[in-house]
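Novice: A single structure is presented below for examination.
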Amino acid sequence: MQNEIQKKLILDYQRRKAKNASFSLRAYSKMIGIPASALSEIMTRKRSVTLKMGKRILEGLNESPSDIHKLLNASNDSSNTSELSLDKFHVISEWHYFAILSLAEIDGFKGNDEWISERLNISKKRASDALERLLKLGMLKKEKNNYVPSGMSFSTPSDIEDTSLKLHTVQSLDLARESLFKDKIEERDFSTVTMAIDPKSIGEAKKMIKEFRRKIMKKLESKKKKQVYKLCIQLFPLSRQGGRK
C-alpha cells in the first residue's frame, strides 16, 4: 500500500508540475489536504503511510471509493495492525500512551513534552517518559527531531482477565465521568438504553460493538484531525439471577 500511494503522489505531482512549472509542493499539499511537511516526507520515503493517512491521501487524489477500498484492503489490515502482548501492554496501560499515539496523527503535532503536556493536561515528565517508552517499543519513530507514527495500528488484548486491562478500563470510565461534568454538551455524547435480553446473546453483541467501533473510527478519522477523542461503550447487567450478591 505504502509504495503504491507514494508512486501515485509522485507521478500526479510530476504530471501537474509538467503542465505548470510554478506549481509548488505547498500548493499541491493544499489541493489534496495534507500538510506540506508530511507530504514531502511521504514522497521522499522518510515517513510511513498509515491506513488512515492513506485513505486521506487517496480521497485527496479523487480516487473512486471502490479503488480506495481495494488499495487499502490489499495491504490487509493484519499487516498494519498489531495486537499488543500483555507484557507490552502492562508497560503502556495508562490512558495517556494511546492518547499520545493518536495525537501524533494530528496536523501540527509537536513531539515535545511541553506541547503534549498542555494538550493532554499531564505533567511534562509524564509526557517525556511516555514518548521515550513509545519510541523504544517501536510505536513511534523519531524523524528530524520530531516523533511520527510508526505506520502500524495497535490493538489491546481482549476477553482476558488481567489487572492492567481492568485498570485501563477504569481510567477510561474516570475520564468519561470527568468529561460529563467539564465538557460542553456539543463536544460530547453520553447515552444509555436499558433492555431485557437473553445473556446468551452477549457474544454476538460483543462482535457487533467491535464492528461498530471499527466503522465509526474509520469514518471519523477520514476527516481532518484536530483533537483526540476517546469512545467508550458500556454493556453490562443491572440484574443478577437470584438477586444481587
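The values are calculated or read from the model by the stated rules, or taken from the named source; none is laboratory data. None of the values given here were measured: they were computed from a predicted structure. As a convention, Cβ positions derive from the backbone with ideal geometry for all residues, glycine included, and neighbour counts pool all protein chains shown. The area values use the complete protein model at the heavy-atom level, side chains included, leaving out ligands, DNA and RNA. Shrake-Rupley method; radii C 1.70, N 1.55, O 1.52, S 1.80 Å.
Novice: In a Gaussian network model over the chain where Cα atoms closer than 10 Å are linked, find which of Glu118, Glu186, Glu59 has the largest mean-square fluctuation.
Specialist: Evaluated over the chain, the most mobile residue of the options is Glu186.
Novice: Sticking with this structure for a sec: Please compute the per residue accessible area over the chain with all protein chains in place, 1.4 Å probe, rounded to a whole number of Å².
Specialist: Heavy-atom SASA per residue in the chain reads 67 Å².
Novice: Which length gain, in nm to one decimal place, applies between Cys232 and Lys200 when the Cα-Cα distance is subtracted from 0.36 nm times their residue separation?
Specialist: Extra length available between Cys232 and Lys200 comes to 9.2 nm.
Novice: Let me ask you something else. Considering only protein heavy atoms and a 1.4 Å probe, what is the carbon-and-sulfur percentage of the accessible area of the stretch 122-245?
Specialist: 54
Novice: Long-range amide H contacts for Glu143: which residues qualify at under 5 Å (H placed 1.01 Å from N, peptide plane, sequence gap of 5 or more or a different chain)?
Specialist: Those qualifying (amide H under 5 Å, at least 5 residues apart or on another chain) are Val148.
Novice: Below 8 Å between Cα atoms, with a sequence gap of 6+, how large is the relative contact order for the chain in percent?
Specialist: Here the relative contact order equals 20 percent.
Novice: Please report the Cα spread of the stretch 1-125 along all three principal axes, rounded to whole Å, starting with the longest.
Specialist: Projected onto its principal axes, the Cα set of the stretch 1-125 covers 52, 33, 22 Å.
Novice: Further question on the same structure: Between the alpha-carbon centers of the stretch 85-158 and the stretch 20-43, tell me the distance in whole angstrom.
Specialist: 27
Novice: Also, I was wondering about something else. Of Lys184/Lys226; Lys142/Lys230; Lys46/Lys166; Lys142/Lys184; Lys125/Lys218; Lys46/Lys207, which pairs sit farther than 28 Å apart, going by alpha carbon to alpha carbon?
Specialist: Distance filter (> 28 Å) returns Lys46/Lys166; Lys142/Lys184; Lys125/Lys218; Lys46/Lys207.
Novice: At 7 Å along the Cα-to-beta-carbon direction for both Leu175 and Lys70, put a label point, then send me their distance in nm to one decimal.
Specialist: Taking the two extended label points, one gets 3.8 nm.
Novice: Obtain the nm distance between the two label points defined at Leu61 and Lys110 by a simple spin-label model: each point lies 7 Å from its Cα along the Cα-to-C-beta direction.
Specialist: 3.3
Novice: Still on this structure, please answer the following. Roughly how many percent of the accessible protein surface of the stretch 1-67 is carbon and sulfur, given a 1.4 Å probe and a whole-percent answer?
Specialist: Of the solvent-accessible surface of the stretch 1-67, carbon and sulfur hold 50 percent.
Novice: Provide, for q = 0.17, 0.23, 0.26, 0.29 Å⁻¹, the log10 of I(q)/I(0) from a solvent-free Debye sum over equal Cα point scatterers in the stretch 181-243.
Specialist: Ignoring solvent entirely, the Cα scatterers give -0.82, -1.15, -1.28, -1.39.
Novice: Also: Given a cut-off of 24 Å, what percent of all Cα-Cα pairs of the chain lie beyond it?
Specialist: In whole percent, the long-distance tail amounts to 56.
Novice: Another question, then. At a Förster distance of 41 Å, what's the computed FRET efficiency of Asp189 paired with Ala18, Cβ-Cβ distance as r, to 0.05?
Specialist: The formula returns an efficiency of 0.30 here.
Novice: Taking 0.36 nm per intervening residue step and subtracting the Cα-Cα distance, what contour gain separates Val91 from Ile10 on full extension?
Specialist: Taking 0.36 nm per residue and subtracting the Cα distance, the gain is 25.2 nm.
Novice: Name the residue, out of Lys207, Lys46, Lys225, whose mean-square fluctuation peaks in a Gaussian network model built on the chain with Cα pairs under 10 Å.
Specialist: Checking each option, the largest mean-square fluctuation is seen for Lys207.
Novice: If you don't mind, another one. Need one word for the stretch 149-228: rounded, prolate or oblate. Basis is the Cα gyration tensor (sqrt eigenvalues a ≥ b ≥ c); a/c below 1.5 gives rounded, then a/b vs b/c decides.
Specialist: rounded
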